[in-house]
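Notes for the one structure printed next.
The values are calculated or read from the model by the stated rules, or taken from the named source; none is laboratory data. Everything quoted here is computed from the prediction, not taken from an experiment. Virtual Cβ from ideal backbone geometry, glycine too; neighbours counted across all protein chains shown.
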Amino acid sequence: MLADLSEKYQALEVSNAFLRLYEDDDLFGRAFANIHQRLTDHFESINDRAETTHHYWADSSREMIALIKEVGELLRSLRSAGIAVNLTASYATAIESCQSWLARSGGSTIPDDFHQIKLIKYAPIFIRPDTQLKLVKSSNLPRLQLIGEGSYAKVFSYTDPDYEIKFAVKRANKDLNDRDLHRFRQEFEILKGLHFPYIVEVYQYDEARNEYKMEFCDSTLREYIKRRNNKLHFSTRKRIALQFLYGINYIHTEGFLHRDVSLQNVLVKSFDRGAVLVKLSDFGLAKNSDSLFTRTKTEMRGTYRDPLLENFKDYAVCNEIFSIGWVLYYIFTGREALTPQAGPLHEIIRKCTALDISHRYQSVHELISAIDKLEATPSLADAPA
């Protein structure tokens, strides 16, 4: 029966304007679109005749009566097969009203107390509750709280009143030039295309405000370790370091270089019992390895700039490794200044920041293997200063 119902409407003409309202329903989308269009055409004609002659033509009246019957039969057939379909309330009310005055012969007299029917052309009138979820939208406007500020953007947090979940909003500063604004939008597009546990998620870009919504994180890596430095165990530091490296390795395999790896651009989500999740953020300087966007004389930016890098155009994985070394040192020691010492950790850091590029790790994958082999030693197990 369902197949017959669907096939019945396949050969009937219907406008793309109505078809696209039901494009997600492969089986009955065309049927719903066809009936929606025919009902709307009749209602539009009835509205027009109600303002002029108060008379609806005989042929059109018969067509409308047949269409009303068709709608009822379709909905009953679908329900009998276990498919719940609701006709939107305004159109259901309009059909009921028309039934009271439509005549099969001689045309129909539209009553004097007729109320114009509100036409629905840009939203579906057939609703399938089993395939849709109604989202409650609160009228309360959440307050934004400033939680971070940089040269190019401000970051705010807010609690969504519908879901009671905290989100963040990153808003470009109003004085950005076209190039930096392009980078800001590019940052969103890059993040939108990356899907990985250790990359911050972004959700929606607002063109009017030049801002986008993103996943909320509790703190930066710098803040997280600074507050807990005397209590963090080696195992926790190692997990944080590996998550950080997994995130960097992922973006490298996707063909991107971050180019601004720093303690501020690594975020942390904190959970109960000391669990943490590292999230890479701030991709404003990120660049696809095949991109020609960087100009030779572009000003070099970034917190930990490799002293061997002469211009941003030549930035490569080995230069990213330099910045990564500084972040790893902070994760394990809580110190921001590199202090040469002996031991496995310091050997790793020295190799990351070697002044001869050929002596550095050539990939993050190599670095992950080195960190993974680290074991707690007295110097690492003890709480750093």
- Residue list for region 19-58, restricted to those being outside any helix (DSSP H, G or I), in contact (Cβ under 8 Å) with a residue 12 or more places away in the chain and closer than 30 Å to residue 129 by Cα: 24, 25, 27, 28
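Scan the helices (runs of 4 or more DSSP H) fully inside region 167-276 and keep the ones with 3 or more residues being hydrophobic (A, V, I, L, M, F, W, C) and within 27 Å of residue 309 (Cβ to Cβ). Let's see the steps before the verdict.
On the way: elements: 178-192, 221-228, 234-253.
In region 167-276, 178-192, 234-253 are the helices (runs of 4 or more DSSP H) which contain 3 or more residues that are hydrophobic (A, V, I, L, M, F, W, C) and within 27 Å of residue 309 (Cβ to Cβ).
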- Is there a residue being basic (Lys, Arg), in contact with a helix residue (DSSP H, G or I) (Cβ under 7 Å, 6 or more places away or on another chain) and outside the structural domain of residue 180 (by TED's automatic domain parsing) anywhere in region 221-237? yes
- Task: Among the residues of region 81-103, write down those that are farther than 24 Å from residue 4 by Cβ and either free of Cβ contacts under 8 Å to residues at least 24 places away in the same chain or in a loop (DSSP other than H, G, I, E, B) (or both).
- Result: 88, 89, 92, 93, 96, 97, 100, 101, 102, 103
- Task: Can you tell me which residue within region 84-111, out of those that are surrounded by fewer than 16 Cβ atoms within 10 Å (Cβ to Cβ) and among the hydrophobic types (A, V, I, L, M, F, W, C), is nearest to residue 34 (Cα to Cα)?
- Result: 92
- Number of the exception - residue 106 against (1) at positive phi; (2) part of a helix (DSSP H, G or I): (2)
- Item | Residue list for region 330-381, restricted to those being farther than 23 Å from residue 307 by Cα and in contact with an Asp or Glu (Cβ under 9 Å, 6 or more places away or on another chain) | 344, 370
- Item | Of all residues in region 262-291 being within 26 Å of residue 317 (Cβ to Cβ) and loosely packed, with under 13 Cβ neighbours inside 10 Å, the one that is modelled with the lowest pLDDT | 291
- Take the residues in region 1-50 that are over 35 Å from the mean Cα position of the chain (by Cα) and acidic (Asp, Glu), then tell me which one is surrounded by the fewest Cβ atoms within 10 Å (Cβ to Cβ). 13
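Answer yes if at least one residue in region 4-11 is of a type outside the set (Val, Ile, Thr) and either in contact with a Pro (Cβ under 9 Å, 6 or more places away or on another chain) or more than 17 Å from residue 73 (Cβ to Cβ) (or both), and no otherwise. Spell out the reasoning first.
At the first step, the residues of region 4-11 found to be of a type outside the set (Val, Ile, Thr) are 4-11.
Keeping just the survivors that are either in contact with a Pro (Cβ under 9 Å, 6 or more places away or on another chain) or more than 17 Å from residue 73 (Cβ to Cβ) (or both) gives 10-11.
Yes: one or more hits.
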- Residue in region 171-205 that is modelled with the highest pLDDT, counting only those that are more than 19 Å from residue 287 (Cβ to Cβ) and loosely packed, with under 12 Cβ neighbours inside 10 Å: 195
